[in-house]
Amino acid sequence: MTLYRGTFLDTPVAGALRALDGVLQVEDGVVVARGPAEDFPAADVDLRGGVVLPGLVDTHVHFPQVRAIGGLGMPLLDWLDECALPEEARLAAPDYAASVAAEFVDGLARAGTTTALVFGSHFAQAVDALFTEAARVGLRVTSGLVVSDRLLPPELLTSPERALDEGRALAERWHGVGRARYAVTPRFSLSCSTSMLESCASVLEAVPGAFFTSHVNENLAEVAAVADLHGGYVDSYDRFGLLGPASVLAHDVHPTDAELAVLGSRGTAVAHCPTSNAALGSGLFPLRRHRAAGVRVALGSDVGAGTGFCLLKEGLQAYFGQRLLGDEGEPLTPADLLHLATAAGADALGLPDVGHLSVGMRFDAVWVRPTDGCTLDVALRTAAGPDAALAKVFALAGPPDMAGVWVDGTRIRG
Ligand SMILES: [Zn+2]
């Protein structure tokens with residue numbers, strides 16, 4: 001049993017911030033009691049100074065793109081050709097893939113991300129390296145082999161048969177092992193023939209509890225190219241039975257109302273990646289239309305086209321984007337941003353026991369503790385209350401401020 005003393009901020013209910021200046025009692029990785037400090041004996045771990053948040057949940061982040069971060073100045077399809085895909089091809093070399101896996105998992109943990117739906121690699125051995133490293137560090141990772149059989153450079157292509165064999169073998173090795181789960185991952189329907197999408201459906205059917213993830217409606221040129229190839233973008237997945245409550249599609253900046261209705265009715269979640277959308281000039285995310293259609297939305301860093309692993313920065317950029325949409329934007333409060341970065345992500349990933357710090361939940365947490373005297377430290381010490389403190393965390397905090405990270409009650413960093 002461990003007693004943690006601190007200021008705990010979380011959002012078990014969307015839109016409402018809960019603050020506890022007190023104690024969390026954790027046993028076997030689970031929060032078993034919480035309340036004011038006077039109700040408990042002296043704490044074992046003092047996390048005062050700063051705030052403790054639930055571990056952050058990233059619902060869209062590309063493992064092979066750590067070293068591609070910062071490629072500014074291009075729209076999506078040019079950025080893929082010039083920046084992302086050449087780097088992704090290098091993961092064919094096992095040593096290179098292992099190094100990138102270590103850098104990637106470390107980057108997530110440093111940013112306070114404890115759970116992630118990770119877009120894997122085109123190479124099965126590299127996906128093994130990712131799962132191995134995530135297990136070593138202790139992160140909750142759902143990931144899988146990225147598959148494509150057209151359009152991309154030849155070294156990134158595979159066949160539907162090989163995709164099926166390698167996907168099933170990877171799922172056998174990793175799905176349900178420790179905190180790992182498998183995700184069937186066509187890169188995007190633009191790079192997949194109908195045979196490849198059928199192959200994806202076969203893997204999904206063969207692996208009970210597996211997730212499905214891909215990209216959708218990111219950029220207008222891409223949407224037009226998919227329309228030529230497959231017709232509707234959402235339909236290109238839906239017609240193969242790939243969309244359900246265990247599916248997460250990244251971006252969806254340019255959906256039609258009919259597509260939103262399909263996503264809502266399937267229970268499919270959307271990973272909103274606001275920094276990437278801004279950097280690639282993809283557009284401003286129609287959050288209000290998603291919510292009106294009953295589509296679940298959480299946050300993703302995307303990472304290669306974004307600007308780093310920090311979900312707090314994504315929350316801030318989501319806020320900026322909605323502000324810039326004017327009357328069409330959804331006004332987001334600090335509590336909304338925290339919910340998007342934690343509980344909404346856990347919900348999108350079908351993880352009912354993470355995302356907030358209620359009794360009965362796993363103790364996945366991040367201690368945001370800025371160094372004495374820095375601007376965030378000043379801002380937190382002078383904040384008018386919990387909502388103001390949280391707003392300052394989103395405005396100012398980054399990976400260097402993450403003083404401790406826990407998964408299942410085990411401190412994995414700091
Ligand atoms: Zn992506």
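Since every read-out is calculated from the coordinates, none of them should be taken as a lab result. For clarity, every value in this text was computed on a predicted model and none was experimentally measured. Virtual Cβ from ideal backbone geometry, glycine too; neighbours counted across all protein chains shown.
Below is a table of values for the structure above.
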| item | result |
| --- | --- |
| Centroid-to-centroid separation of the stretch 377-411 and the stretch 85-144 [C-alpha atoms, Å] | 26 |
| Approximate spin-label separation residue 372-residue 323, in nm, with each point projected 7 Å along Cα-to-Cβ | 3.3 |
| Packing-based order for 130-143, 95-108, 57-70, using average beta carbon neighbours within 10 Å, highest first | 57-70, 130-143, 95-108 |
| Beta bridges by DSSP in the chain, antiparallel share as percent, to the nearest 5 | 45 |
| Segments 340-348, 192-200 sorted - mean Cβ within 10 Å per residue, highest first | 340-348, 192-200 |
| Cα-centred dipole magnitude for the chain, charges only on beta-carbon of K, R (+1) and D, E (-1), debye, nearest 20 | 660 |
| Theoretical FRET efficiency, 1/(1+(r/R0)^6), r = Cβ-Cβ of residue 381 and residue 411, R0 30 Å, to 0.05 | 0.75 |
| Over 27 Å [Cα-Cα, the chain], rounded percent | 47 |
| Highest-first arrangement of 11-20, 112-121, 362-371, where packing means the average Cβ count within 10 Å | 112-121, 362-371, 11-20 |
| For the stretch 18-128, alpha-carbon Rg relative to the globular expectation (2.2 N^0.38 Å, N residues) | 1.53 |
| Charge dipole (debye, nearest 20) of the stretch 156-240; +1 at Cβ of Lys and Arg, -1 at Cβ of Asp and Glu | 380 |
| The stretch 260-308: Rg to Rh, with Rh as the Kirkwood radius over Cα pairs | 1.03 |
| Helix-only mean residue ellipticity at 222 nm for the chain, each DSSP H run of n ≥ 4 adding -39500 (n - 2.57), per residue, nearest 500 | -11000 deg cm²/dmol |
